[in-house]
Every structure is written in C-alpha cells, then in structure tokens.
Amino acid sequence: MDGLVWIWISPPGGFAADLPDERGGEIAVNWTAVVDTLGYPSAGLGIMIESTGIPFPGETLLLAASAWAAARHHSIVLVILFGFVGATAGADLGYLLGYKGGRPFVERFGAILHLRPEHLARAELFFARHGDKAIIGARFIIGLRTWASMLAGMSHMPFWRFQVFSAIGGLLWAILIGIAGYVLGSNLPLLEAIIRAVGFGGLTVLLLIALILLVAERRAVRRR
C-alpha cells in the first residue's frame, strides 16, 4: 500500500519493515540491525531523510531506536533529542529545496518519486485551510510529513515562522513516538505473548475497541 510501512516484531524482538524498490516491489529491512550499528544517531537519520521530501520510514526508525534504548537500558532523552534534531534539520533542507526550486522543482521531484498531482493538490489544500498549524499537524500524517516542509518553502512562508512551528511539531512528534517506542521495548515479552494468543488481527480489534471506548468516554465527559 502506498505511503504505509508494515512493521512487525521478530522473535528476538527486532523491528523489520518493507521499503519500496524502484521496480515497484519491496525490500525487507531489519531496522534493529541498523539501530545496533548506528546507535543514537539512527533516531534522527530516518526522519531527517523523510523531512527533506524523500519517502522513508522515519517513524519506524525512531520507534526502533526507542525500543533499542529500552532493551539496552540507554537514554530515551538522547533518542528523543536526536529525533528532534533530525526532524528539524531535515525540515529546513526540505524548506530550502521548495523555496529555491518553486513549484516546477516540486512537481518534477514528485514525479520522480511517483507522487501523483492529486496528492500534491490535497496537500496544498490542507495547508491553505490550516495555515501555520498545518506544519505541526503534518508531522503526524503519513505523506504530509514528507512534503510539508517543501510545500512551505514553495509557498514562501516566512522562514522564522516556519522554523518555530516546525520545531514545535518536531519536538512533539519525537516525544510521542520516542515514548511509544520505549514503552514497546520495555514490554516486548508481554506484547509478543498477546500477539501469539490472539494474532495481529485480534490485537488490532482490541486496540480499536479500546479507542472506541476512549472516544465514547470523552464525549460523555463533554456532555456533562
């Protein structure tokens, strides 16, 4: 599926994911091995690449780095810091490319990466509707996270304003994904036991039920 990265937990507790290759197929990558090799910098490497406009599983790599920190008893603060720095630096580069190249460059670049014109149009509409807040929100939306910075540069958003909202979004994203990965890494045996018992489908159903109950509870509180 376009724009999605499938993640699973291997028996040793490692992360793996599929990357699309140039022939339209997929290449299996063991992100645990990548994190073991690179250490803390791996937390920021993926999102730095993704934020420049290149589709890349930055979220997956930060999750793997955070789980690695939990399993190895390393600092989650450093993992989050590297994730934040990578997100901000990559976003600045993406902004610069969009600012200097303009729409012609963005369209040519998107064509190389098989970005459809309608996807670009929807992203522009999202920015037009939500303004500066779109920079923060895009961090948490697959696809927009890749193109947000380049679109901001293309529209000539003032750099200081872009930098502020990009830093806020990058920090919130790094904290949320970092903590999620750390909790996951700290509870791998329990998670693996649940998956063995109910399977991935059952786990998905349980998560959906929990989400529905949470939303219902919040609505009930608001009505009071």
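In table form, for the structure just shown:
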read-out	value
Filter result (at pLDDT below 80 and in contact with a Leu (Cβ under 7 Å, 6 or more places away or on another chain)) within segment 35-66	38
Filter result for the condition that a residue is crowded, with 18+ Cβ neighbours inside 10 Å and over 19 Å from the mean Cα position of the chain (by Cα), over 154, 150	154
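Conditions (1) at pLDDT 85 or above; (2) β-branched (Val, Ile, Thr); (3) loosely packed, with under 13 Cβ neighbours inside 10 Å, marked per residue:
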residue	(1), (2), (3)
78	yes, no, no
90	yes, no, no
111	no, no, yes
136	yes, yes, no
158	yes, no, yes
163	yes, no, no
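The values are calculated or read from the model by the stated rules, or taken from the named source; none is laboratory data. What you are looking at is a predicted structure, and each value in this text was computed from that prediction instead of being measured. Every residue, glycine as well, gets a Cβ built from its backbone with ideal geometry; the counts of neighbours run over all protein chains shown.
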